[in-house]
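Visitor: Sharing a structure, written as structure tokens. Questions coming.
Here, each number is a calculation from the coordinates, and none is a lab measurement. Since the structure is predicted, the reported quantities are computational estimates derived from the model, not experimental observations. Please note: Cβ atoms are built from the backbone with ideal geometry, for glycine as well, and neighbour counts cover all protein chains shown.
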Amino acid sequence: MKTPGFKQKFQYWFDNFMARGTPAMLIGLFVLSALIIFIAAALVKLTHTAPNGESFLEVAWMSLLRTLDSGTMGGDTGSPFFLLIMLIVTFGGVFVVSALIGIINNGIEDKMEELRKGRSLVLESDHTLILGWTPQIFTVLSELILANESRKSGAVIVVLADQDKVEMEDAINDRVTDFKNTRIICRSGSPIDLNDLEIASPHTARSIIVLAEGADPDTNVIKAVLAITNNPNRRAEPYHIVTQIHAPQNMNVVKMLGAKDQVLPILTNDLIARVVAQTSRQSGLSIVYTELMNFGGDEIYFKAEPALVGKTYSEALSAFETCAVMGLRKADGTVTMNPPMETRIASGDQLFMIAEDDDKIALSNARIAPSLSQIHETGKGSTPKPERGLILGWNRSGSTIVRELDNYVAKGSQLTIVSDIYELEKQIKLEVGKLTNQKLTVLEGDIRNRDLLEKLEASEYDHVIVLAYSHLDVQDADAITLVTLLHLRDIAEKDSTPFSIVSEMLDLRNRELAEAAQVDDFIVSEHLVSLMMTQLSEDPDLLGVFTDMFDPEGAEIYLKPISDYVEIESPVDFYTILEAARRRGETAIGYRLLNQSHAVEKSYGVHTNPKKSEKVAFSEADKVIVLANG
């Protein structure tokens, strides 16, 4: 092999040197400038051609000035050799300065490109970290901003996703209009890559929300949780992680990964199915859930009240003027919504209640006695009647919804399912099994077809559920849902028979379109899940409350006729309604006014945690919101 010559070696060294980037180029220019100045000064000094006998340093200074400013040479006088040297120095300076400007410009562009990539380390602590990018992120960010509003020192949210940083920031700025006292920092990287994860400083975060993204969301969630909990750089303190899981079999896997940490996974499909089943039978219930889980209005707080120790849960119900008690959290962590009225409050127990803010929770000094003459006897109430239900569309939550409905409806009820999915009836029978209280009919058809809906006589059903097709693109599925809703609303307006409509939307942005269709009760799947995840990221103790709230075995939220509880001929205060519910072993937390059911700005007539002393004039169609065991 031929030995490389000096030229090749120098070229190789020069290429490696330049490959080091902007700092190397700047050093090279500095060295080149120094050589030009030194050689020029040395030649002038050696030939004694300095105009006024200047010293070496003075000549070097003159050369430096001509290097930096070519116009300086215009005033030079002296021998031809001196002028020639200064001209050469000036030409060298023009080259150096031009190259310097180019290098600095390229360096700035490279830095801007680096910043655009979002690869710099986040030096934050006590921040909320969001891993992943889905449409849910806008709800999560909006709710976190509201939750952080009370933090006087401000708050920081860090988003790490496999997206372009600038595109993420632009999308957030378009969808989130007011950041209040919260800063949002975006970084590009894979949440399941250990190196990328370090960019977002997960070890100093106070809570971490993992969004389910990709074609196989559960797998991505498991990998992301594993990357945090099994990280070689992990912290000693437990991590607080909130996420969602679609398949029930993956719940145990996530819980195993978080054995040393506080990992709170939400079983998305099961939650949505239960909420849809419950809200389909009770118009307005989805709004109640939304009110309880968002940060926009009153929220759920835990509070220990030493003054109530030894008293019963029944006595605690009317102890607060501006807070609605929901249940009890025992000292061992057990959460019970609407416990037996005779339950004693022990030391270390906490009440959980709906309140405007935690600092607004205070015992009432002057309690108003209920108007006993307006309270109806406990025995009054409507007898459950067989119901007719209609499900339009189908997805993986459908089977759970059918089973849940069978637990709520009276014996002899009927449920009709219409979908364009091939051989759906066999699938349902395999997944649902034998039904106890309702007869099932499965039909094939296009749910957008107006003739089909007219033939089905949709207005003759007690409640209609519109499910989004999960096998289609999100926008295509929501488009089908919206068209179906428009037909149903038109049918409802032309028919005097009232029936409730519950719809399932996959994209939160389509919620406004559903509102425009005047749908009085709807479900945005990911919206409710997003609200719950955000609440749990701020207060993990709420998991027990939400679990009990959606568990069919415990107490649940019901909207019952107000006239079953109190006389409505004259205005009634909430102390009286509270007492009427208490006598039935129920906890009243609010009411719904039918004349506001289409008013978005009034939460569709839903009022949770009303001021107890304020009297309200109710109508026969109004409802009281209670926590009850059936």
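Visitor: Step through the residues of the range 339-346 one at a time and calculate ³J(HN,Hα) from phi using the Karplus curve (6.51 cos²θ - 1.76 cosθ + 1.60, θ = phi - 60°), rounding each to whole Hz and writing x for Gly and Pro.
Guide: x, x, 4, 8, 4, 8, 8, 9
Visitor: Show me, for the range 172-184, the HN-Hα J-couplings you get by feeding each phi into the Karplus relation (A = 6.51, B = -1.76, C = 1.60, θ = phi - 60°), rounded to Hz, glycine and proline as x.
Guide: My calculation for the range 172-184 gives 5, 5, 6, 9, 10, 8, 10, 8, 6, 9, 10, 9, 10 Hz in order.
Visitor: Divide by every residue of the chain the summed helix terms, -39500 (n - 2.57) for each DSSP H run of at least 4, and state the resulting mean residue ellipticity at 222 nm, rounded to the nearest 500 deg cm²/dmol. Please list the in-between numbers first.
Guide: Values: 20 runs with 252 residues, N = 630.
Calculated at 222 nm, the ellipticity per residue is -12500 deg cm²/dmol.
Visitor: Counting other Cβ atoms within 10 Å of each Cβ, which trypsin sites (Lys or Arg not before Pro) in the range 314-416 have at most 14 and sit in a DSSP loop? Write down the numbers at each step before the final one.
Guide: Details: sites: Arg329, Lys330, Arg344, Lys360, Arg367, Lys380, Arg388, Arg396, Arg403, Lys411; in loops: Lys330, Arg367, Lys380, Arg396, Lys411.
For trypsin sites (Lys or Arg not before Pro) across the range 314-416 that sit outside H, G, I, E and B with at most 14 neighbouring Cβ atoms in 10 Å, the list reads Arg367, Lys380, Lys411.
Visitor: Another one. Multiply the residue separation of Thr441 and Asn233 by 0.36 nm, subtract the distance between their alpha-carbon atoms, and state the gained length in nm to one decimal.
Guide: On the way: separation 208, 0.36 × 208 = 74.88 nm, distance 5.64 nm.
Going from the current span to full extension adds 69.2 nm.
Visitor: Given contacts defined as C-alpha pairs under 8 Å and at least six residues apart, what's the relative contact order of the chain, whole-number percent?
Guide: On the way: 1134 pairs, mean separation 72.1, N = 630.
Relative contact order here is 11 percent.
Visitor: For Rg/Rh (Cα atoms, Kirkwood Rh), the choices are (i) 1.20; (ii) 1.10; (iii) 0.98; which was calculated from the structure?
Guide: Derived directly from the coordinates: (i).
Visitor: Net charge around Asp476, counting only other residues with Cβ within less than 15 Å of its Cβ (Lys, Arg = +1; Asp, Glu = -1)?
Guide: Net of charged neighbours comes to -4.
Visitor: Report, by chain and number, residues whose modeled amide H sits under 5 Å from the one on Glu321, excluding near sequence neighbours (fewer than 5 apart, same chain).
Guide: So Glu321 has HN proximity to Ser364.
Visitor: Tell me which trypsin sites (Lys or Arg not before Pro) from the range 120-218 have a DSSP coil assignment and no more than 16 other beta carbons within 10 Å of their own.
Guide: On the way: sites: Arg151, Lys152, Lys165, Arg175, Lys180, Arg183, Arg187, Arg206; in loops: Arg151, Lys152, Lys180, Arg206.
Listed in order of number, the matching sites are Arg151, Lys152, Lys180, Arg206.
Visitor: Put a dot 7 Å past each Cα toward the Cβ at Lys385 and Glu169; how far apart are the dots in nm?
Guide: 6.1
Visitor: Please list, in order along the range 443-452, the HN-Hα scalar couplings obtained from phi with the Karplus expression 6.51 cos²θ - 1.76 cosθ + 1.60 (θ = phi - 60°), rounded to whole Hz, x for Gly and Pro.
Guide: Each residue of the range 443-452 in turn: 10, 9, x, 8, 5, 7, 6, 4, 4, 5 Hz.
Visitor: Now for a different question. Would you list Thr3, Thr67 from fewest to most Cβ contacts within 10 Å? The partial results should precede the final answer.
Guide: Numbers: Thr3 6, Thr67 23.
In order of increasing Cβ crowding within 10 Å: Thr3, Thr67.
Visitor: Any idea how far apart Leu83 and Ser153 come out in nm if each label point goes 7 Å out from Cα toward Cβ?
Guide: 7.1
Visitor: Using the basic label-point model (7 angstrom from Cα toward the beta carbon), what is the Asp216 to Ala621 distance in nanometres?
Guide: Simple spin-label model gives 5.2 nm for this pair.
Visitor: Out of all DSSP beta bridges with both ends in the chain, state the antiparallel percent to the nearest 5. Kindly include the intermediate steps, with their values, before the conclusion.
Guide: Values: 31 of 77 bridges.
In the chain, approximately 40 percent of DSSP beta bridges are antiparallel ones.
Visitor: Amide H of Ala468 versus every other amide H placed in the peptide plane: which residues, excluding those fewer than 5 positions away on the same chain, fall under 5 Å?
Guide: Distant-sequence amide H within range of Ala468: Glu504.
Visitor: Once amide H atoms are placed 1.01 Å from N in the peptide plane, what residues at a sequence separation of 5 or more from Ile266, or on another chain, have their amide H within under 5 Å of its amide H?
Guide: Thr243, Gln244, Ile245
Visitor: If you average the alpha carbon positions of the range 194-266 and of the range 131-184, how far apart do those two centres end up, in angstrom?
Guide: 19
Visitor: Subtracting the Cα-Cα distance from 0.36 nm times the residue separation, let me have the gained length for Asp473 to Thr334 in nm, one decimal. Don't skip to the end; give the middle numbers.
Guide: Working: separation 139, 0.36 × 139 = 50.04 nm, distance 4.16 nm.
Taking 0.36 nm per residue and subtracting the Cα distance, the gain is 45.9 nm.
Visitor: Still on this structure, please answer the following. Taking the beta-carbon count within 10 Å as an exposure proxy, list Thr436, Thr576, Thr334 from fewest neighbours to most. Each step should come with its number before you reach the end.
Guide: On the way: Thr436 9, Thr576 23, Thr334 12.
The most exposed by this proxy come first: Thr436, Thr334, Thr576.
Visitor: Count the net charge of all other residues whose Cβ sits under 10 Å from the Cβ of Asp420, scoring Lys and Arg as +1 and Asp and Glu as -1. Spell out each step's value before the answer.
Guide: Details: positive: Arg448; negative: Glu444, Asp446.
Charge balance in the 10 Å sphere: -1.
Visitor: Hey, fewest Cβ within 10 Å first, where do Phe82, Phe30 land in order? Don't jump to the answer; show the numbers that get you there.
Guide: Working: Phe82 21, Phe30 12.
Ranking Phe82, Phe30 by Cβ neighbours within 10 Å, fewest first, gives Phe30, Phe82.
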